[in-house]
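For reference, the structure discussed in these notes is given below.
Nothing in this text is a laboratory measurement; each read-out follows from the coordinates by a stated rule. Values in this document were obtained by computation on a predicted structure and should not be read as measured data. Please note: Cβ atoms are built from the backbone with ideal geometry, for glycine as well, and neighbour counts cover all protein chains shown.
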């Protein structure tokens with residue numbers, strides 16, 4: 001019985017010591033000015049620290065690899081003809097944007113309305129595919145804004161271009177803030 005207790009005690013002490021040393025090492029290389037860890041100083045070992053990859057595009061770099069904190073939109077193919085996404089695809093390309101911008105738009109509007117022309121958010125009053133707030137702002141793109149996906153998409157793409165520059169700009173904002 002005594003040997004079991006000793007083994008358990010020893011394992012607990014070793015685990016706690018490991019966690020304490022790991023926590024202390026991580027905290028000692030933390031730089032509060034940048035919010036990132038600085039690379040440890042060592043003459044024999046390669047750097048194992050974290051640093052900001054690019055202050056303009058937040059992310060981290062470790063051991064020569066850079067990882068962005070901004071989530072990229074999932075890849076999508078060319079949409080089925082006649083769908084709201086097909087309308088948006090044509091409008092995105094006509095504006096001179098590329099496939100990646102379309103992917104950002106799909107991800108953004110999947111999150112906002114799931115491409116439902118009648119989507120309504122009762123808590124905010126946002127309406128339609130782009131979740132215009134208020135919905136009647138889309139009347140500037142056409143009188144049929146309540147029911148026509150093309151009208152809503154034209155308005156939504158114009159809004160995104162004016163406010164965020166591109167769909168990926170709107171997607172990145174949505175990822176950071178939870179809204180666009």
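Quick look at the numbers
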quantity	calculated
Spatial separation of Cα centroids for segment 109-168 and segment 82-100, in angstrom	15 Å
Shape of segment 84-177, Cα gyration tensor, a/c cut at 1.5	oblate
Residues 180, 164 arranged by fewest to most Cβ contacts within 10 Å	164, 180
Inter-label distance, nm, simple model (7 Å from Cα along the C-beta direction), residue 110/residue 86	2.0 nm
Approximate spin-label separation residue 72-residue 143, in nm, with each point projected 7 Å along Cα-to-Cβ	4.6 nm
Gain in span if fully extended, residue 179 to residue 136, counting 0.36 nm per residue against the direct Cα distance	13.6 nm
Segment residue 150-residue 93, length gained on full extension (0.36 nm per residue, minus Cα span)	19.1 nm
